[in-house]
Amino acid sequence: MKIIKNPLQIQKISIELMKKNKSIGLVPTMGALHLGHISLIKKSVSQNDITVVSIYVNPIQFGPNEDYKRYPRPIKDDIEICKKNGVDYLFLPTNETLYDNDFSTYVTVDKLSNMMCGVTRPIHFRGVATIVSKLFNMILPDRAYFGLKDYQQYTVIKQMVKDLNFKIKVIGCPIVREKNGLAMSSRNTYLSQEAKENASNIHKILVNAKKSFNSGKNIFSVIKEAGILLSKIENSEVDYIEARDSNTLQPVQTTSKKVVIAVAVKVQNIRLIDNILC
Ligand code: AMP
């Protein structure tokens, strides 16, 4: 596995690979890799000649009071994980090489970015869309892998790829969970053991909500009841619970064929997101 830090160098390598007709899979991450990330890496390795993983904690997607500084950065462990799982190139850019002092171009995916997580994180998806566009232009992947845990992010990226004519297939990968059901996340390292157990109720509540909805209960009552149960989790504060059309993320209609129930809940003051496709 080669470690590349320079954007121009990774772009040069990608162009050479393209000339040789090698397919490239990209897995963008912020590191502190866990089994969720590894599932994306494995999928890319199985579908492409070359897999590139990027690890970069992107400052422009964090709000001023968020955890940019505190975000875990166990880079040595991450390198070993990438090596073990068949990654060909690990891209580790720095702030200086990605954002010049005069940096001034942002990618904004309207509508989809302002709802759900965008309400409390107004600049988040602009930061995500911008860094992902930059990675796409540097790494020129054929396929890019995103986890369905960040369902809104996955939808935003798909919209961006369509709108900006990126010739890239966006592949959504299933949520990987702890045994107790808690969705794996780099931020889970902030939680105490007790908080992890409390947080595992989020998934249980979503599973029951899905059951009720699929057995014919009105979606609005389902959401209301699930919201009450979420607020009863010890030490928790519900940011939102929403039922949306899983293709468009528009509020559910009676005609919605596929529904996603998505939540953001703070447990022990750590903001966790999760969702379930019904
Ligand atoms: P992050 O490092 O948190 O930015 O995540 C990088 C990628 O891994 C994103 O596409 C996430 O959706 C995905 N990911 C994170 N956690 C999980 C998980 N538990 N299951 C599946 N994919 C995940």
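The values are calculated or read from the model by the stated rules, or taken from the named source; none is laboratory data. This one's a predicted model, so the numbers in the text were calculated from it and none came from an experiment. Every residue, glycine as well, gets a Cβ built from its backbone with ideal geometry; the counts of neighbours run over all protein chains shown.
List of remarks:
- Pair list, Cβ under 6 Å, 6 or more apart: the range 158-180 residue modelled with pLDDT of 95 or more, other residue assigned to a loop (DSSP other than H, G, I, E, B): GLN159/VAL109; GLN159/LEU112; MET160/VAL109; VAL161/ILE168; ILE168/PRO141; VAL176/MET184
- Which numbered condition LYS167 misses (of (1) in contact with an Asp or Glu (Cβ under 9 Å, 6 or more places away or on another chain); (2) within 11 Å of the ligand (Cβ to nearest atom)): (2)
- Candidates ILE4, ILE55, ILE41: the one that is in contact with a Ser or Thr (Cβ under 8 Å, 6 or more places away or on another chain) and under 24 Å from PHE103 (Cα atoms) is ILE55.
- Those strands (runs of 3 or more DSSP E) of the range 13-116 in which at least 2 residues are more than 12 Å from the ligand (Cβ to nearest atom) and more than 28 Å from ASN247 (Cβ to Cβ), considering only elements entirely within it, cover 50-55, 89-91.
- Of VAL57, VAL45, all but one fail to be more than 30 Å from THR120 (Cβ to Cβ) and among the hydrophobic types (A, V, I, L, M, F, W, C); the exception is VAL45.
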